[in-house]
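To start, the structure under review is shown below, and the notes come after it.
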Amino acid sequence: MGFGSNVRIAPVAKLAPIRKAVVPAAGLGTRFLPTTKAVPKELLPILDKPMIQYGVEELADAGVEHVVLVTSHGKEGLAQFFRPSPELEQRLFDGGAVELAEMVRGISSLAHITTVVQEQQLGLGHAVLTAKESIGDEPFIVVLPDDVIVGDVPVSRQMLEVHQRYGASVVAVQEVTREAVGSYGVVDAHEVGKGIYKVRGLVEKPAPEDAPSNLAVVGRYILMPEVFSCLERTSPGAISEIQLTDGMGLLLEEQPMYALRFEGTRYDGGTPLGLLKASLEVALNREDTRDRTLEIIRNLDLEQP
């Protein structure tokens, strides 16, 4: 999947690099119970690497230095995963597993990780608002760890080029079927460049017949800091949650916003079958695991009911 000419645009005014990001990870992971009684969903692996590591590596590649994890009580393992493990590293070095030791050491050096606790799960908008003091008055990236996106150029870096070009908030979108729009926030937008849209409005989980487009917002946002005041003014919805889409709608009344139809493959890690699909495809795309994975698939007893 090449990056091609999708968003290679010379910036009209160089903005300061985005150095901070929010990774909301406070959910209960009910689709993965009983495993998530003890293991945070975000630490479940795609093949051999936790979902959340894909997102933090993507952010590090985009130049992000400070990642704010929004967690809940009982999910302390998320922060622990990114802390140094000198005893483990030394044991691996002593045992001659130098490559493994360097891999473990590299995880703790991806970014400066801090955590804030979302005391109640009151929606994605509320989770982002919880990080307000940590982010301060500067643009930031939001990565939903459930949405694992892989490609030749990380999606956050693609979005940063659009942000640099327009100096505005950017959301990642992908085309979905009309039948699927009810599961997403959907943009009302018009195309201003190949794969780039100026957003006119956002609709949360519309009925297919009411959807303004089939461009669904997925798991990546670059947001201007004014979104925090918008979220503070956002009323809870029908299930008492503050939706990020609603806060972004208020932001859109004050300043422009753009959408990027990114290049890459998105995996829905929020469901067991989505995680299975991601693991299979990642394994088939890796030279060190492709042949063995094909052998496993070929040897499956598909005649079983």
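The values are calculated or read from the model by the stated rules, or taken from the named source; none is laboratory data. None of the values given here were measured: they were computed from a predicted structure. Here Cβ is always computed from backbone atoms with ideal geometry, including for glycine, and neighbour counts include all displayed protein chains.
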Which of (1) within 30 Å of residue 285 (Cα to Cα); (2) among the β-branched types (Val, Ile, Thr); (3) surrounded by fewer than 16 Cβ atoms within 10 Å (Cβ to Cβ); (4) touching a residue at least 60 places away in the same chain (Cβ under 8 Å) is the odd one out, the single condition residue 177 does not satisfy?
(4)
What helices (runs of 4 or more DSSP H) lie completely within the range 231-305 and have 3 or more residues being in contact (Cβ under 8 Å) with a residue 60 or more places away in the chain?
244-254, 272-285
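Checking the condition out of contact with any Asp or Glu (no Cβ under 7 Å at 6 or more places or on another chain) and under 22 Å from residue 172 (Cβ atoms), which residue from 127, 111, 79, 97 passes?
Details: 111 fails: out of contact with any Asp or Glu (no Cβ under 7 Å at 6 or more places or on another chain); 79 fails: under 22 Å from residue 172 (Cβ atoms); 97 fails: under 22 Å from residue 172 (Cβ atoms).
Just one listed residue meets the conditions, 127.
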Within the range 193-203, identify whether any single residue is outside any strand (DSSP E or B) and surrounded by fewer than 19 Cβ atoms within 10 Å (Cβ to Cβ), and answer yes or no.
yes
In the range 59-68, which residues are touching a helix residue (DSSP H, G or I) at 6+ places or on another chain (Cβ under 7 Å) and at pLDDT below 95?
61, 62
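In the range 106-118, is there at least one residue being closer than 20 Å to residue 233 by Cβ and either in a helix (DSSP H, G or I) or not aliphatic (A, V, I, L, M) (or both)?
Residues of the range 106-118 that are closer than 20 Å to residue 233 by Cβ, as a first pass: 118.
Remaining after also requiring either in a helix (DSSP H, G or I) or not aliphatic (A, V, I, L, M) (or both): 118.
Scanning the range 106-118 turns up at least one residue that is closer than 20 Å to residue 233 by Cβ and either in a helix (DSSP H, G or I) or not aliphatic (A, V, I, L, M) (or both).
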Which residue, of 28, 44, 15, is more than 21 Å from residue 159 (Cβ to Cβ), aliphatic (A, V, I, L, M) and modelled with pLDDT under 95?
28
Of the conditions (1) within 30 Å of residue 31 (Cβ to Cβ); (2) under 15 Å from the mean Cα position of the chain (by Cα), the single one that residue 160 does not satisfy is (1)
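Mind listing just one residue for me: the one in the range 83-115 that is within 29 Å of residue 20 (Cβ to Cβ) and free of Cβ contacts under 8 Å to residues at least 12 places away in the same chain and, of those, farthest from the chain's Cα centre (by Cα)?
Quick first cut of the range 83-115, residues within 29 Å of residue 20 (Cβ to Cβ) only: 83-86, 88-89, 102-115.
From the residues that got through so far, the ones that are free of Cβ contacts under 8 Å to residues at least 12 places away in the same chain too are 86, 102-103, 106, 109.
Working: 86: 29, 102: 25, 103: 22, 106: 20, 109: 19 Å.
It comes out as 86.
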Restricting the search to the range 170-192, which residues are within 20 Å of residue 223 (Cβ to Cβ) and in a loop (DSSP other than H, G, I, E, B)?
184
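Could you tell me how many of the residues in the range 217-240 are at pLDDT 90 or above and out of contact with any strand residue (DSSP E or B) (no Cβ under 6 Å at 6 or more places or on another chain)? Walk me through how you get there before you give the answer.
Residues of the range 217-240 that are at pLDDT 90 or above, as a first pass: 217-234.
When the remaining residues are screened for being out of contact with any strand residue (DSSP E or B) (no Cβ under 6 Å at 6 or more places or on another chain), the result is 225-234.
Adding up the residues that qualify gives 10.
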